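The values are calculated or read from the model by the stated rules, or taken from the named source; none is laboratory data. Source: prediction; values computed, not measured. Positions of Cβ are backbone-derived with ideal geometry, glycine not excepted, and every protein chain shown enters the neighbour counts. Quick note on the areas: whole protein, heavy atoms, side chains included, nothing else; ligands and nucleic acids left out. Shrake-Rupley method; radii C 1.70, N 1.55, O 1.52, S 1.80 Å.
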Amino acid sequence: MPPTFARAIATVGGFTMLSRVLGFVRDVVQAAVLGAGPESDAFLVAFKLPNFFRRLFGEGAFNAAFVPVFAGLLATEGHRRAVMFAEQAMAVLLAALIVFLGLAEAGMPYLTMAMAPGFINDPERFNLTVDLARITFPYLLLVSLASLQSGVLNSLDRYAAAAATPILLNLCMIAAMLGLAPILGKRGLDGVAEALAWGVVASGVAQFLWLAAACHRAKAPLRLPRPRLTPEVKKLLKLLLPGVLGAGIMHVNVMIDMMIASLLPTGAVTHLYYADRIAQLPLGVVGAAIATALLPMLTRQIRQGETAAAEASQNRALEYGLMLTLPATAALIALAEPIMIVLFARGAFSLEDAQGTALVLQAFAVGLPAFVLVKGLTPGFFAREDTRTPVRFAVVCLIANLLFNLALMPWLGAAGVALATSLSSWLNVAMLGVTLHRRKLLTLDARLRRRSPRLLLAALVMAGAIFAALPWLLPMLQPGQSLRYPIFAGLCTLGALLFFAVGHALGGVNLRDLKALRRKG
């Protein structure tokens, strides 16, 4: 793997890790003040609505279509031509988002009915969700523009500023809970939820301004011309339309999960949210870092005819994804209950809520390697401007997710909803990988074939050791135990050390690779 690729993964992953740590602080405070009741469910649905469309259009399909076109122009026609395209793309995106935002605000009750049908029979929770969603929805416009700015910066190999933007979301929401919530909270938990909603909007403003300054420093300031459908913008739209589902498959599945969970008893939406937040830590740190670094690199290598280099980059992306997610998967399955108890069992979030959320986390963890492998495989299509193939697979996976949900939910409740998402993601990995291989665009090299089973064995050894120790340690991790934090931290640290020691002994992990990931310059 090229050193610049390792540094890009380290940069994006490092800032994402910092964001996730702040996200944990935010979640801990949020769980303590809102618990797992109707106000929490209402806010989380209102927060999910703009986030769903952001991930689908802003980070998903739009980025998958925008980055190859921008990086291609950068490689063939130069910096100024690429920036002019970005400006036109931003103008068209802004015009479309303003129209969409107006329609969404006017039709918010109907949008809420579609996204959370289980709330319809609970008028108080439904009305609160509509009110909160009307506050949070403008976040979509701001953060979608920020996503375009991030695509520009990543294509220019400026990863740090874009990777740091999620930190602003967490800081703004924490500030809203500490500063605004005590004022609005005099009306009860409804006021606390409203304070959080305003914090979401403030973060969108902060992210846009932060990235605008970064683009200016990168000599790519984006002015706002009159929207015009230039040939490049038409090409972008042609790539964008089929990519809406292809790039956003996991996010579509998560939204389906929320819709179905709204039909379950109160608290199910909240349990899914906190379990997903934990599962998103390795996915955000590893998966997003790999996809962010891989797509512009693959695009440049393919445009310059470097076929062997492109294939090597994709192999190393898959290898590093497995090296970092297999131990995370094993740890999340083994440590699910301690994680939820130590992090969230306080205030309004009960021990029973923590135990119920732990089962959901285990179900999400089953699909964690698949979530990351999808991030490593889809750039193989997007870099070649093929967004149609992933969308065909996306439709299959959406149907499979729905069928898995209907089959598993009656037996496993919210955990069945999470397991359905994991299974459909593995199906997506199989279809993407087999198709790339048949097109002779991906051949697993000897290094990846040799190391993968050894990484899996090291992860299983680590999980077995944790399961063996839990009967003695779990009583000391319960709420009120004075040593639960250092014991939990020590357990996580020893588990990670055990994995890398066994992996190194088996030949699945090379210490030089870890040093390459740590180097930033």
Of (1) small (Gly, Ala, Ser); (2) open to solvent by less than 70 Å² (accessible area, probe 1.4 Å); (3) without any contact (Cβ under 8 Å) to a residue 12 or more places away in the chain; (4) at positive phi, GLY480 satisfies all except one. Which? (2)
Can you find a residue that is modelled with pLDDT of 85 or more and not in a helix (DSSP H, G or I) anywhere in the range 447-465? no
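Table: residues versus (1) under 21 Å from the mean Cα position of the chain (by Cα); (2) closer than 30 Å to ILE341 by Cβ; (3) modelled with pLDDT under 85.
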residue: THR357; (1), (2), (3): yes, yes, no
residue: VAL360; (1), (2), (3): yes, yes, no
residue: ALA370; (1), (2), (3): yes, yes, no
residue: PRO379; (1), (2), (3): yes, no, yes
residue: ARG384; (1), (2), (3): no, no, yes
Can you say whether ALA195 is farther than 30 Å from LEU298 by Cα and either open to solvent by less than 20 Å² (accessible area, probe 1.4 Å) or not aromatic (Phe, Trp, Tyr) (or both), as far as the supplied structure shows? yes
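Which of the residues that make up the range 382-411 are closer than 21 Å to THR435 by Cα and surrounded by fewer than 16 Cβ atoms within 10 Å (Cβ to Cβ)? Before you say what the answer is, go through the steps one by one.
At the first step, the residues of the range 382-411 found to be closer than 21 Å to THR435 by Cα are 382-401.
Those that are closer than 21 Å to THR435 by Cα and surrounded by fewer than 16 Cβ atoms within 10 Å (Cβ to Cβ): ARG388, ARG392, VAL395, VAL396, ILE399.
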State which residue pairs qualify: first residue in contact (Cβ under 8 Å) with a residue 12 or more places away in the chain and inside the range 146-175, second residue in a helix (DSSP H, G or I) and of a type in the set (Asp, Glu) in any location, beta carbons under 6 Å apart, and separation of 6 or more residues or different chains. SER147/GLU59
Quick one: in the range 488-504, which of the residues that are modelled with pLDDT under 90 and among the hydrophobic types (A, V, I, L, M, F, W, C) is surrounded by the fewest Cβ atoms within 10 Å (Cβ to Cβ)? ALA489
